[in-house]
Amino acid sequence: MLKYVINIVFLLLCCTVLQAQEEKEIEQAQDSIQKKYGLRIGIDAASLARSFFDDNYQGFQILGDFRLTPSLYVAGELGNETIAKDLERIEYETSGSFFKAGIDYNFYNNWLEMDNMIYGGARIGVASFGHELYRYEYNSDNTLFPILSQQVQREFTGLTAIWFEVQGGMKVEVFNNIYLMANVQLKFLINESTPDDFDNLHIPGFGVTNDFNGIGVGYTYGILYRIPLFKK
């Protein structure tokens, strides 16, 4: 009986030692994994696809980020948009450029040798743009008269806008240093310059505006390539 007890105790000790050794090897392997650091740059496929399918839109957007720590990135976007609208009451065209800069934080705990992101981010966006107004309709003060149409050719230039933006999305490494990404954006308008006798109906990089609040939404999906500079 004592012999069996000694054997069981010995087996338990062996299992404990082996498990401790395995955990130590896993920790050492995790400590030895090197994260890739470098400039990740790419294009927004959403704006390119819209430019191809929508005759009233032309635009592009360059995406980029740079890893500061294993989970923290500095990130930004640079783009240009031209959008034409021919609506029931108004016809106009808006064009301009925009730049967004901020940070992304990766909440995803990667497995060994994986480099994916499920992230949240924040941006400050700045746009410089202008409008061309071609036509608008208005009500006469006398309600007995119909709506009047005014044909004009007015240009408004030198306009600017600033907004704060939060993002949520993912970036997945599909091949070595090649990533697919997608995100959604919620934007809060901070400041804008408006032309005389007109209003900003669209702001490049921000999107459609309205009279009720300064909130906009957007999305991006694209492809990026990381230029590997070093590992640590």
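In segment 37-102, taking the dipole from charged Cβ atoms about the Cα centre, the farthest positive-side position among Leu78, Ala49, Gly59 is held by Leu78. Estimated at 0.36 nm per residue, the fully extended path between Gln34 and Phe198 surpasses their Cα-Cα distance by 53.5 nm. Convex hull volume of the Cα atoms of segment 41-128, normalised per residue: 126 Å³.
In this rough spin-label picture, where each label sits 7 Å from Cα along the Cβ direction, the Arg154-Met170 distance is 4.8 nm.
Taken along the Cα-to-beta-carbon direction at a fixed 7 Å, the label points for Asn116 and Ile223 span 1.9 nm. Please work out the FRET efficiency for the pair Asn210 and Ile62, using the Cβ-Cβ distance as r and a Förster radius of 22 Å; give the result to the nearest 0.05. The calculated FRET efficiency here is 0.20. Placing dummy labels 7 Å off each Cα toward the beta-carbon, the span from Asp54 to Ser71 is 3.6 nm.
Bear in mind that the values in this text are calculations on the coordinates, not laboratory data. Given the structure is predicted, the values throughout are model-derived calculations rather than measurements. Every residue, glycine as well, gets a Cβ built from its backbone with ideal geometry; the counts of neighbours run over all protein chains shown.
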